[in-house]
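Colleague: Just passing along the structure, written as structure tokens.
The values are calculated or read from the model by the stated rules, or taken from the named source; none is laboratory data. Remember, predicted model here, so these are calculated numbers, not experimental data. Cβ placement follows ideal geometry from the backbone for every residue including glycine, while neighbour counts extend to all protein chains displayed.
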Amino acid sequence: MTTRLWIWKLTWYGRWRDGGNNRVDVVWNINILMLLILHIVRNEDQMWLANELGKRRGGLDQFPLSGFQRDGETMEVADGVDSESKIQQRRMRRVIWNKLQAAAIPQRCVILGAKEAEDKHILSVHSKNHVNLIKNISSKQFDSRRNRVASKFNSIYFNEGSSEAAYLAAGSAIEVTERVAKGELDSAVAIIRPPGHHAEQDEAMGFCLYNNVAIAARFLLDEKPELGINKILIVDWDVHHGNGTQKMFWKDPRVLFFSVHRHEFGSFYPATDDGFYTMIGEGPGAGYNINVPWENGRCGDADYFAVWDHILVPVAKEFNPDLIIVSAGFDAAAGDPLGGCRVTPYGYAVMLKKLMDFAHGKIVLALEGGYNLESVANSVLACVEVLLEDDPIHGSSEAYPFESTWSVIQAVRQKLSSFWPSLADELPEKLTNKKAPPAAYILTSSSDSEEEDYEAPNAISKHLEEVLQHVIEPLSKLKINESIQDHAASNSNTWRSELSKVDVWYATFGSNLWLKRFLCYVEGGQVEGMKKPYLGSGDKTPPKEIMWKTFPHRLFFGREFTHTWGPGGVAFLNPKSNIQDKTYMCLYRITLEQFNDVLVQENVASFATSSPLFDLAAVNSVTSEEPHSLQVHSELKRCWYGNVVYLGKESNIPILTMTCTQSDMEGFKSGELAVCAPAKNYANSIVRGLVEGKQLSQEAAMAYIQEASTKPL
């Protein structure tokens, strides 16, 4: 069969947020050998494309394709590149091309050119205003204000080629998906840029201008009923949540949207609540939206296989799709500098192979994220070989899933069991007891300390410098040192075992006064009024004892918004005591291991360590003198509850609470930090705690909160 080669030069610009409101522009000029991998006759034809990186301009890293070898020829499609960059680009090019040639993939491929999408098809998922913006953003009339327009979006940068690139990416996704639906192709892979799964109806974000996968799916469902594609399964295995795709099919039972992603309680990009497992769709679409949110990085093949076997595959059997589209981001691959996960090419191959049992193998892969050239090349090659049905799949996975993985799987199954009977049965303990040591300790998103402009490092800012430094260096430098990570996991397991033998009293004064709410930090879950759930502690044992005391510290409410409770303040305790003040506090006797887990869930950062945040040395230090406070870790210095205060002892067991630092206290007094009445649901949780704990009547509890909210500091 004749192979047609089409070359398309695509310039793609992106913008990262660096952890606060600051943005760092990343200009990606990608010359792409384009475009669609097409399986025309099974075991005969597939395509691949090389996505090349390299070159600096204006102090920012760019990625032009300087050449592509085929039939012994080199086609130079970029100029103005210095010789050193060209050498590096050729090296990266060979990494991909040599893998493909060694597998004889090019000889079995048909390569099709890109095709622009029509506005009417894009308008099926995007608003008219958004389409008009993307269509015109590259025109001369926007030259003077293009950057200003881009600054209004999250992680977006426009240039003169943005419009054409967006239309070609969306149109190419439509073209290849339609061909598979018609039966002209058995399966396909579209290597397209820009990606699409973050783009929402009226907003570009996360490098995504148009939502390519959503446009293609809606095209088949609405415009081509004669093709018999009535149900589509969209599987998003990109390491980031596909927020845009989720929203576009939120109420549509024709599309089953499934996303497995690193989430970290809402602190990992795109850093919203949309990726929680409780987000299941609405109205007729209820139950057709499935999220599997990782609470930490380092998830690998075993974790993904467990999710496939115990959530996705059973539901797919019930749903029985007519076609499958994969939002195929490869930033969860081992070696990716942003994803922090450890999926191998073998892992991607197995996941794809399991999907081929459905829809008569009608599968389309559309490229999303991926920031390590070697990882992307290896992973895509593995997927292409699966679509070609090259047997057998080589590799193995002897590891077990993390305990947190089983917790998430069980939570998802329970949430969706009323919609999918195959998820109703409890997983046997014999299965869930097979688990890996805990991942490196993750300090992640919190309940009461999530201000919108928080500036602690997030997962993107943490790795951004590494990305910018290494994208033009040999790929080997981007590999993860797995032995170090495994050692960290081992250390984590050791300290947990040690701290599980030590008891402390955790003294709470805010929403955790209500036992049912506090147990969300221990057992996991959420209560009425909370907007998001928690996965709980590694040790889910309830408190051994509960008692109430009052302490001479000032209670007040500050900050203005949390993701858990919405608009309104949350409770803080003045670290310094005052005999004239009186605060009711509920004391929970828990282990020091559990206290560390509560400390994590009460604070926001993206920080991993193989040691506890508050260890035995810290306990000895803080209890060695009269009650005082201790900032427990440098990474908590900007967190809302990063200050542990020792309040004395009860039954010779230290009483510890967590609140703001003394410097933040001065900020509240001066007005630099907002003092704000609590959110209604947050206040209700305090009232319920005081009433159920038999400390105050409901009226007295409400008056207690009112006084704390209005009395000057």
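Colleague: Looking only at segment 434-446, decide whether some residue is farther than 29 Å from ALA271 by Cβ, in contact with a Phe, Trp or Tyr (Cβ under 9 Å, 6 or more places away or on another chain) and modelled with pLDDT under 95.
Modeller: There is at least one residue in segment 434-446 that is farther than 29 Å from ALA271 by Cβ, in contact with a Phe, Trp or Tyr (Cβ under 9 Å, 6 or more places away or on another chain) and modelled with pLDDT under 95.
Colleague: Now, a different point. Out of the residues in segment 113-131 that are of a type in the set (Lys, Arg) and in a helix (DSSP H, G or I), which is nearest to VAL189 (Cα to Cα)?
Modeller: LYS120
Colleague: Moving to a separate point now. Which one is surrounded by the most Cβ atoms within 10 Å (Cβ to Cβ) among residues in segment 521-533 that are assigned to a loop (DSSP other than H, G, I, E, B) and of a type in the set (A, V, I, L, M)?
Modeller: Ranking the qualifying residues of segment 521-533, first place goes to MET530.
Colleague: Same structure again: Quick test of your reading of the structure: ARG638 fulfils all but one of (1) part of a loop (DSSP other than H, G, I, E, B); (2) at pLDDT 90 or above; (3) crowded, with 17+ Cβ neighbours inside 10 Å; (4) of a type in the set (D, E, K, R). Name the failing condition by number.
Modeller: Every condition holds for ARG638 apart from (2).
Colleague: Okay, moving on. Could you look through segment 480-511, keep only residues that are in a loop (DSSP other than H, G, I, E, B) and surrounded by 15 or more Cβ atoms within 10 Å (Cβ to Cβ), and pick out the one that is modelled with the lowest pLDDT?
Modeller: Per the criteria, the residue is ILE480.
Colleague: Further question: Kindly indicate the residue of segment 295-324 that is assigned to a loop (DSSP other than H, G, I, E, B) and among the charged types (D, E, K, R) and also modelled with the highest pLDDT among those meeting that condition.
Modeller: Across segment 295-324, the extreme among qualifying residues is ASP322.
Colleague: In the list ASN378, ASN372, which residue meets the criterion of being within 26 Å of HIS197 (Cα to Cα) and modelled with pLDDT under 90?
Modeller: ASN372
Colleague: Taking into account only those residues within segment 650-679 that are of a type in the set (D, E, K, R) and surrounded by 15 or more Cβ atoms within 10 Å (Cβ to Cβ), which is modelled with the lowest pLDDT?
Modeller: ASP664
Colleague: Is it fair to say PRO533 is over 20 Å from CYS639 (Cβ atoms) and in contact (Cβ under 8 Å) with a residue 12 or more places away in the chain?
Modeller: yes
Colleague: Can I ask one more? Check whether at least one residue in segment 303-315 is farther than 22 Å from CYS341 by Cβ and surrounded by fewer than 19 Cβ atoms within 10 Å (Cβ to Cβ), and report yes or no.
Modeller: Looking through segment 303-315, at least one residue is farther than 22 Å from CYS341 by Cβ and surrounded by fewer than 19 Cβ atoms within 10 Å (Cβ to Cβ).
Colleague: I need the full set of residues from segment 352-381 which are out of contact with any strand residue (DSSP E or B) (no Cβ under 6 Å at 6 or more places or on another chain), crowded, with 24+ Cβ neighbours inside 10 Å and not in a loop (DSSP other than H, G, I, E, B), in order please.
Modeller: LEU352, VAL376, ALA377, VAL380, listed by residue number.
Colleague: Is it fair to say VAL239 is β-branched (Val, Ile, Thr), touching a His at 6+ places or on another chain (Cβ under 7 Å) and under 25 Å from ILE137 (Cα atoms)?
Modeller: The answer is no for VAL239.
Colleague: Here's something else I'd like to know. Scan segment 404-426 and report the pairs whose first residue is more than 20 Å from ASP303 (Cβ to Cβ) and whose second residue is part of a loop (DSSP other than H, G, I, E, B) and hydrophobic (A, V, I, L, M, F, W, C), with Cβ atoms within less than 8 Å and a gap of 6+ or a chain change.
Modeller: SER417/ALA424; PHE419/ILE280; PHE419/ALA286
Colleague: If I ask for residues that are assigned to a helix (DSSP H, G or I) and either touching a Leu at 6+ places or on another chain (Cβ under 6 Å) or of a type outside the set (Lys, Arg) (or both), which ones from segment 228-260 would you list?
Modeller: Answer for segment 228-260, where residues must be assigned to a helix (DSSP H, G or I) and either touching a Leu at 6+ places or on another chain (Cβ under 6 Å) or of a type outside the set (Lys, Arg) (or both): ASN243, GLY244, THR245, GLN246, MET248.
Colleague: GLY196 is checked against (1) of a type outside the set (Val, Ile, Thr); (2) surrounded by fewer than 24 Cβ atoms within 10 Å (Cβ to Cβ); (3) modelled with pLDDT of 90 or more and fails just one. What number does that condition carry?
Modeller: (2)
Colleague: Give segment 221-242 a look and list any residue that's within 26 Å of MET351 (Cα to Cα) and either acidic (Asp, Glu) or surrounded by fewer than 24 Cβ atoms within 10 Å (Cβ to Cβ) (or both), or say none.
Modeller: If the condition is that a residue be within 26 Å of MET351 (Cα to Cα) and either acidic (Asp, Glu) or surrounded by fewer than 24 Cβ atoms within 10 Å (Cβ to Cβ) (or both), then LEU221, GLY228, ILE229, ASN230, LYS231, ASP236, ASP238 are the ones that fit.
Colleague: Please find, within segment 148-167, the residue that is farthest from ASP119 (Cα to Cα) out of those that are within 27 Å of the chain's Cα centre (by Cα) and not in a loop (DSSP other than H, G, I, E, B).
Modeller: ASN154
Colleague: Looking at segment 267-277, is at least one residue closer than 28 Å to GLU385 by Cα and touching a His at 6+ places or on another chain (Cβ under 7 Å)?
Modeller: no
Colleague: In segment 261-289, what residues are over 28 Å from PHE219 (Cα atoms) and part of a helix (DSSP H, G or I)?
Modeller: GLU264, PHE265, GLY266, ASP273
Colleague: Of all residues in segment 281-291, how many are of a type in the set (A, V, I, L, M) and buried (at least 23 other Cβ atoms within 10 Å of the Cβ)?
Modeller: The qualifying residues number 1.
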